[in-house]
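Here the structure is laid out as structure tokens; the discussion comes afterwards.
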Amino acid sequence: MDIIKYVGAGVRMGKGVKIWHFAYVGDNTTIGDNVSIGSLAHVDYGVTIGNNVRIEGQAYIPPLSVIEDNVFIGPAAVLTNDPYPMSGALIGVKVMKGAAICAGAILKAGITVGENSVVGMGAVVVKDVPPNTVVAGNPAKPIYDKAAFDLKRRKWESSHSPAPAHKVPKQ
């Protein structure tokens, strides 16, 4: 069964790209290798996506955004592209290597999320996030550095069993 998705004109895709059900990829977008774009995600025109990127369902990536390698963008995250709507002068968001944007976060047009940074769930980011920084809240503020985040994650993982493997039903 072919599930509907839209891939625009002039889209360049690397190897191992997976675009899930009902997703949209706009014209002249470049997608690197091993990228996953979730169901109902909207990647607009002129976006550049690096390698090993995971964009979860219902995320919105606006025109002119740049997503570098090894980035995670959680479900329903919204990146914006007009700092003064409806100005007509658009600018994308830049998400640097290794960053993670958690579920429901909102990022203002024109900001940069630094390398290996984490934007917490539901955060509203209105200014650049420095590299190796974890931000949360509305407006988003630094809450600790990436080393502290990694330590918390390792403690969490060691005290909880891994999630069971997802099994795809046979058709």
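The values are calculated or read from the model by the stated rules, or taken from the named source; none is laboratory data. What you see is a predicted model; the values in this text were computed from it and never measured. All Cβ positions, even for glycine, are placed from backbone atoms using ideal geometry, and neighbour counts span all protein chains on display.
Quick one: how many residues across the range 43-68 are surrounded by fewer than 19 Cβ atoms within 10 Å (Cβ to Cβ) and within 10 Å of V95 (Cβ to Cβ)?
Within the range 43-68, residues that are surrounded by fewer than 19 Cβ atoms within 10 Å (Cβ to Cβ) and within 10 Å of V95 (Cβ to Cβ) number 1.
For A140, only one of the following conditions fails: (1) surrounded by fewer than 20 Cβ atoms within 10 Å (Cβ to Cβ); (2) more than 16 Å from the chain's Cα centre (by Cα). What is its number?
Failing condition for A140: (1).
Restricting to the range 1-13, and then to whatever is surrounded by 15 or more Cβ atoms within 10 Å (Cβ to Cβ) and modelled with pLDDT of 90 or more, can you tell me which residue is farthest from V71 (Cα to Cα)?
V11
Right, K146: surrounded by 15 or more Cβ atoms within 10 Å (Cβ to Cβ), more than 24 Å from A41 (Cα to Cα) and at pLDDT below 95 or not? It would help to see each step written out before you state the result.
Details: surrounded by 15 or more Cβ atoms within 10 Å (Cβ to Cβ): yes; more than 24 Å from A41 (Cα to Cα): yes; at pLDDT below 95: yes.
Yes: the conditions hold for K146.
Can you tell me which residue among N28, N34, N51 is at pLDDT 95 or above, out of contact with any helix residue (DSSP H, G or I) (no Cβ under 8 Å at 6 or more places or on another chain), on the phi < 0 side of the Ramachandran plot and of a type in the set (S, T, N, Q)?
On the way: N28 fails: on the phi < 0 side of the Ramachandran plot; N34 fails: on the phi < 0 side of the Ramachandran plot.
One residue alone meets the criteria, N51.
Which of the residues spanning the range 112-142 are over 22 Å from E56 (Cβ atoms) and in a strand (DSSP E or B)? Write out each step before concluding.
Step one: of the range 112-142, the residues over 22 Å from E56 (Cβ atoms) are 126-128, 130-132, 139, 141-142.
The answer is K141, P142.
Which of the following residues is aliphatic (A, V, I, L, M) and touching a Ser or Thr at 6+ places or on another chain (Cβ under 8 Å): A99, A77, A105?
Values: A77 fails: touching a Ser or Thr at 6+ places or on another chain (Cβ under 8 Å); A105 fails: touching a Ser or Thr at 6+ places or on another chain (Cβ under 8 Å).
Of the residues listed, the single one that is aliphatic (A, V, I, L, M) and touching a Ser or Thr at 6+ places or on another chain (Cβ under 8 Å) is A99.
Filter the range 89-108 down to the residues that are part of a loop (DSSP other than H, G, I, E, B) and touching a Leu at 6+ places or on another chain (Cβ under 8 Å) and list them by number.
First, the residues of the range 89-108 that are part of a loop (DSSP other than H, G, I, E, B): 89-93, 96-99, 102-105, 108.
Scanning the range 89-108 gives L90, I91, G92, V93.
Being hydroxyl-bearing (S, T, Y) and in a loop (DSSP other than H, G, I, E, B) is the filter; apply it to the range 1-58 and report the residue that is nearest to the chain's Cα centre (by Cα).
Within the range 1-58, the match that is nearest to the chain's Cα centre (by Cα) is S39.
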